[in-house]
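Here's the structure we're looking at; comments come further down.
Only the coordinates and a few stated rules stand behind these numbers; no lab work does. In this text the structure is predicted, and so the values were computed from the model without any measurement. Counting neighbours? That spans all protein chains shown, and the Cβs are built from the backbone with ideal geometry, glycine included.
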Amino acid sequence: MTQDSRIAVMGLGYVGLPLAVAFAEAGLHVQGVDVSHARIAELTGGRSPIDDITDERLRAALDRTLTVATTADADIAAADAIFVCVPTPINATKDPDLGPVLGAAGYLAAHIRRGQLVVLQSTTFPGTTVGPFRSALEEGGLKAGEDFDLAYAPERVNPGDPASASRAVPRLVGGFTQSATDRASALLRHVNDRVVTMSSPDAAELSKLLENVFRNVNIAFVNQLALLCERMDLDVWEVIDGAATKPFGFMRFTPGPGVGGHCIPVDPYYLSWRAREFDFIDRFIELAGDINLAMPRHVVDLVAEALNDRGRALRGSNVGVIGVAFKPDVRDDRNSPAADVIAGLAERGADLRFHDPHVATFTDAAGAVRDGVDLEALLAWADVIVVVTAHRAVDWSRVYAATDLVVDTVNSSAGRETKPRQVLRLGAGWSRP
Ligand SMILES: NC(=O)c1ccc[n+]([C@@H]2O[C@H](COP(=O)([O-])OP(=O)(O)OC[C@H]3O[C@@H](n4cnc5c(N)ncnc54)[C@H](O)[C@@H]3O)[C@@H](O)[C@H]2O)c1
């Protein structure tokens, strides 16, 4: 088998950059390629745009075998293998937008040469790699499986969780041909201890979607349980903690203000869209989407309820949001439920400010852009504080000591001394004596 050692990684974001750095650390020659001039300028300057790769680690990789270039300057022919890690978003009607994947394939069609291996890593619906991605690649005249190898290898990294980027996390690979499976597996073994081969790209594509739909459906399930607990005057967090003491057959998921990021609110729709082509309506996905998308509105209602308790209306009240990133301890604010929470509150007449130690500026779902404020300034200004994301870097003792009224959507008040009716918790109701 060919000994591939020169890699190109297309798309240097949360997935592509760690892969490029890991390959460089393993001693392979890596060209990182991106359409964005700003991204390449940032990387060339030694600044990492993502939390999981420090500037030091990026610079060390650049000092070794990593080079970065825009698509205009890249030398794709010099690579043995090309990994494609571009975004797979959904459009306004929640249908897959393969624009970036097909854009990358169209670019590669004009640049690939015989003997190369192309590996798609973007999360997508079953049939993408051997269907539209292959067709776009073959527009250049070369045939997959004959002139070049083609495989699919989904990524499992979970930004903000270093363990998810470890070598110990197994990787899946499904090749269009056995040769493609073997080559992609051999390359990934440089950066992962275990590579699991699958019978086809389609099977690997569906495994990746299963992983994320599983999370989305279970989060929806506990979100719904949280709503039920509010009506039953029970504490969903206590209920989940109780169930989680079972040492088998239960996996802990927690409720919250909604789902965010590039994966969980997006990927399920890739599957439900594809399922419809088979006259199959995926009711789990539709229902989970419905429940999770409604959570930010529920948070708006909780804030109105909290203010009502003090004889105030949402209109004209000062609402301070803590945390706008989509999850704790990261700066990633893509599809954050905070966007809908803030827009929903603003639409009902509240004045909004936010504090997030990781995010300086935030755009809400209505397109309004706000700069974050200092925590003390927020606490002094707000009539009510809404906790959307519980970053460790926030001084929570100070938040709960300085605020009379808090809507806590993520149980950040757990284990703290709170006064009766100081905190209205999602899934649990008012704090008690
Ligand atoms: N973020 C995650 O946690 C995660 C985890 C697993 C899988 N994924 C999947 O990986 C893929 C990439 O996600 P991401 O979070 O890294 O996205 P990202 O937005 O962080 O990065 C994508 C990069 O691709 C570049 N790009 C776009 N079109 C391009 C093109 N035609 N050619 C070259 N570069 C191009 C963009 O400029 C950007 O820098 C998606 O399919 C996503 O679902 C993401």
Take the residues in the stretch 160-190 that are crowded, with 20+ Cβ neighbours inside 10 Å and in contact with a Leu (Cβ under 8 Å, 6 or more places away or on another chain), then tell me which one is nearest to Leu206 (Cα to Cα).
Val173
In the set Gly323, Gly415, which member is more than 22 Å from the chain's Cα centre (by Cα) and on the phi > 0 side of the Ramachandran plot?
Gly415
When the stretch 24-48 is checked residue by residue, the ones that are under 18 Å from Ser164 (Cβ atoms) and within 15 Å of the ligand (Cβ to nearest atom) are Ser48
I'd like the residue in the stretch 79-126 that is acidic (Asp, Glu) and away from the ligand (no atom under 11 Å from the Cβ) and, out of all such residues, is surrounded by the fewest Cβ atoms within 10 Å (Cβ to Cβ).
Asp95
Do we find that Arg297 is among the basic types (Lys, Arg) and not in a helix (DSSP H, G or I) in this structure?
no
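Table: residues versus (1) within 23 Å of Ser412 (Cβ to Cβ); (2) buried (at least 24 other Cβ atoms within 10 Å of the Cβ); (3) of a type in the set (Lys, Arg); (4) in contact with a helix residue (DSSP H, G or I) (Cβ under 7 Å, 6 or more places away or on another chain).
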{"residue": "Ile285", "(1), (2), (3), (4)": "no, no, no, yes"}
{"residue": "Ala294", "(1), (2), (3), (4)": "yes, no, no, no"}
{"residue": "Ala306", "(1), (2), (3), (4)": "yes, yes, no, no"}
{"residue": "Arg312", "(1), (2), (3), (4)": "yes, no, yes, no"}
{"residue": "Arg334", "(1), (2), (3), (4)": "yes, no, yes, no"}
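To keep it simple, each residue is scored yes or no on (1) within 19 Å of Phe326 (Cβ to Cβ); (2) more than 21 Å from the chain's Cα centre (by Cα); (3) in contact (Cβ under 8 Å) with a residue 24 or more places away in the chain.
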{"position": "Tyr152", "(1), (2), (3)": "no, no, yes"}
{"position": "Pro159", "(1), (2), (3)": "yes, no, yes"}
{"position": "Ala168", "(1), (2), (3)": "no, no, yes"}
{"position": "Asp193", "(1), (2), (3)": "no, yes, yes"}
{"position": "Ser199", "(1), (2), (3)": "no, yes, yes"}
{"position": "Val217", "(1), (2), (3)": "yes, no, yes"}
Looking only at helices (runs of 4 or more DSSP H) that lie completely in the stretch 318-418, which have at least 1 residues being hydrophobic (A, V, I, L, M, F, W, C) and under 19 Å from Pro296 (Cα atoms)?
337-347
Could you tell me whether any residue of the stretch 127-146 is more than 14 Å from the ligand (Cβ to nearest atom), polar (S, T, N, Q), assigned to a loop (DSSP other than H, G, I, E, B) and touching a helix residue (DSSP H, G or I) at 6+ places or on another chain (Cβ under 9 Å)?
no
Out of all the residues in the stretch 139-196, which are among the β-branched types (Val, Ile, Thr) and closer than 20 Å to Val101 by Cβ?
Val157, Val173
Among the candidates Ser336, Ser272, which residue alone is within 29 Å of Glu205 (Cβ to Cβ), in contact with an Asp or Glu (Cβ under 6 Å, 6 or more places away or on another chain), touching a residue at least 12 places away in the same chain (Cβ under 8 Å) and polar (S, T, N, Q)?
Ser272
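One line per residue, one yes/no per condition, for (1) within 14 Å of the ligand (Cβ to nearest atom); (2) crowded, with 18+ Cβ neighbours inside 10 Å; (3) within 15 Å of Gly258 (Cβ to Cβ):
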{"residue": "Met198", "(1), (2), (3)": "no, yes, no"}
{"residue": "Ala204", "(1), (2), (3)": "yes, yes, no"}
{"residue": "Leu210", "(1), (2), (3)": "yes, no, no"}
{"residue": "Val213", "(1), (2), (3)": "yes, yes, no"}
{"residue": "Ala220", "(1), (2), (3)": "no, yes, yes"}
{"residue": "Asn223", "(1), (2), (3)": "no, yes, yes"}
{"residue": "Leu228", "(1), (2), (3)": "no, no, no"}
{"residue": "Arg231", "(1), (2), (3)": "no, no, no"}
